[in-house]
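Visitor: One structure, pasted below without further comment.
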Amino acid sequence: MNTIGKFLTVASLLIALSLPAKAFEAGTQFLISGGAAGNGGGREGTWGLWKYNDVWYGELLQPGWWSAHQVTNAKLVGWFDMPFVEDSTFGLAGQASLKYSQENSYDSDPMISFIPDIDLLRYYYNKVDAKGGFTLSAGRFNVTDKTSDIINQKIDGLYLGYGSNKIQFGVYGGYTGLLNSRTTMIINSTGRNFWSSQLTDSLYTTYANKVKPHSIKNFSDLSKKVDWGDVMSDVGRSLYIWADPYFVSSANLTFPYLFANQTPFLEASLAISTEGPSKVEDEFDRFYITAGMYGPLIFSDLIYSFSTTFSTYGDSGANKSAFEGLSNYSKLKFTYFTNFHSLAISGELKYASGDNGIYDPFYGFTSNPISYMRYSPEHSSAVKYGLSVAFKPTREFLVTLGGDQVFSYNENVVDYQGCQFYGEMKLQCTSDFQFQVKAYRFFAQDMNYDNTGATITGVFSF
């Protein structure tokens, strides 16, 4: 841990010890999961032909799980909540975890890794009543923008919020350089256009600049400079890999039920690259401004939400730090709630601009794949629409099913990429044990991008 990290840790502990704890709560969770994923899944074998770095490649794609791998995870989580006053409005909360992961591929030795992390360590102040009030968080905590797709990750920083019946606002500022990039991946300049990253997994791309002595600046360098086996072996041995250092700030303003039960909102976010312990020099500054609204439509059981985000960014090449160009990310969602076993039916449309007319490709900040497609394309140069249903056969049993169609959208060309189907089941067997099953299937237009997977998870609470 560097000097800044040591200082923050020691300062937090000293302040915590100096304040009298009125009530202390703590607990642990143990999560164990096993799953498998792979390309294929039974489609007929065919020849695949593609061009990469001016070289043509061909391969007979065998039917079935020709690139399957199995993953086993075990995670131990410990948490505590230590209020400093009797009404629990002010206190310290924390959560730490240790994850064991083993991945077995059909053509390589097992990859075993341990991932320690501090998931949460924050001082909080919550003074809220029926008329509103203030909220304050300082330390490490999760930050989510209004879309939940652009920024959604832990950040070390400060948040201040105020709410009333007529207006709500929140501001925060934070730093990402002390995070563990093995649990939070930030999109940098090497992994921007995942649609054109054929044969390049986004995980490899993200880690490429973090493991020395490898250094990648664009996709054309991949086959020339990197031995991916060495990269992933180094990653597996590294317990903590510093995240890309950015200063992130945001401010949002919401007007609850301003008219006809409609709630409009505005938000502006900024991510500026800076120095950090990772030693990664990757200037990819971004600015986002989002406007949206949500509320009931026609009648109270039909809810909609709409948001549109305009963004600009600084090129990491010759025009470092210069904001130029314009991109857009928009999403529209309708949800109909019923009284039949809490059944909810949702339809959603997402659009992320590509290099089209006045728009440049849209890039978020936190890595967030838009689909289950192999190689995990981000919310960039894409269109996706689909339907999903969620219902509870019993109070302890939640089932979610859905399907989507995905298109790439770049240079004014819309290309069908495939469709996906997914399902998830959560069963609260007892107050201390939850059982989860998740499965998905992506049928790609190009069979190279097929993806099939399933995971079974048990969560034990103590």
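Visitor: Take Leu258 and Phe299, extend 7 Å from each Cα along the Cα→Cβ direction, and tell me the distance between the two endpoints in nm.
Guide: For Leu258 paired with Phe299, the spin-label model returns 2.8 nm.
Visitor: Separate question: Kindly report the accessible area of the range 320-462 per residue (heavy atoms of protein chains, probe 1.4 Å, no ligands, DNA or RNA), in Å².
Guide: Working: 6920 Å² over 143 residues.
Here the residues of the range 320-462 average 48 Å² of exposed surface.
Visitor: Also, I was wondering about something else. Classify the range 283-414 from the C-alpha gyration tensor, please: rounded if a/c falls under 1.5, else prolate or oblate depending on whether a/b exceeds b/c.
Guide: Working: a/c = 2.55, a/b = 2.07, b/c = 1.23.
Cα axes put the range 283-414 in the prolate bin.
Visitor: Taking the Cβ-Cβ separation of Leu349 and Phe435 as r and a Förster radius of 22 Å, what is the calculated FRET efficiency to the nearest 0.05? Walk me through the intermediate numbers first.
Guide: Working: r = 33 Å, r/R0 = 1.49.
That gives a FRET efficiency of 0.10.
Visitor: How would Asp156, Asp432 line up by accessible area, probe 1.4 Å, largest first? Please list the in-between numbers first.
Guide: Numbers: Asp156 30, Asp432 85 Å².
The most accessible residue leads, giving Asp432, Asp156.
Visitor: Continuing with this model, one more query. How would Arg140, Arg122 line up by accessible area, probe 1.4 Å, largest first?
Guide: The residues order as Arg122, Arg140, largest area first.
Visitor: I've got another one for you. In the full protein assembly as shown, how much of Phe30 is accessible to a 1.4 Å probe, in Å² to the nearest 10?
Guide: Surface accessible to solvent at Phe30 totals approximately 70 Å².
Visitor: Further question on the same structure: Please tell me the relative contact order of the range 307-419 in percent, rounded to the nearest whole number, where contacts are Cα pairs under 8 Å and at least six residues apart.
Guide: 20 percent
Visitor: Over 24 Å between C-alpha atoms is what I'm after, so list which of Lys99/Lys438; Lys384/Lys438; Lys146/Lys333; Lys75/Lys333; Lys279/Lys331; Lys154/Lys279 land there.
Guide: Lys75/Lys333; Lys279/Lys331
Visitor: Can you tell me the length gained on complete extension of the stretch Ile167 to Thr274, counting 0.36 nm per residue apart and subtracting the Cα distance?
Guide: 35.2 nm
Visitor: I would also like to ask the following. If you count only protein heavy atoms and use a 1.4 Å probe, how large is the accessible surface of Leu239, to the nearest 10 Å²?
Guide: That residue has around 90 Å² of solvent-accessible surface.
Visitor: How much of His379 can a 1.4 Å solvent probe reach, expressed as accessible area in Å² and rounded to 10?
Guide: 10 Å²
The values are calculated or read from the model by the stated rules, or taken from the named source; none is laboratory data. Note that the coordinates shown come from a computational prediction; the quantities given were computed from them, not determined experimentally. Backbone-built Cβ (ideal geometry, glycine too); neighbour counts: all protein chains shown. All accessible areas refer to the heavy atoms of the entire protein, side chains included, with ligands and DNA or RNA removed. Shrake-Rupley method; radii C 1.70, N 1.55, O 1.52, S 1.80 Å.
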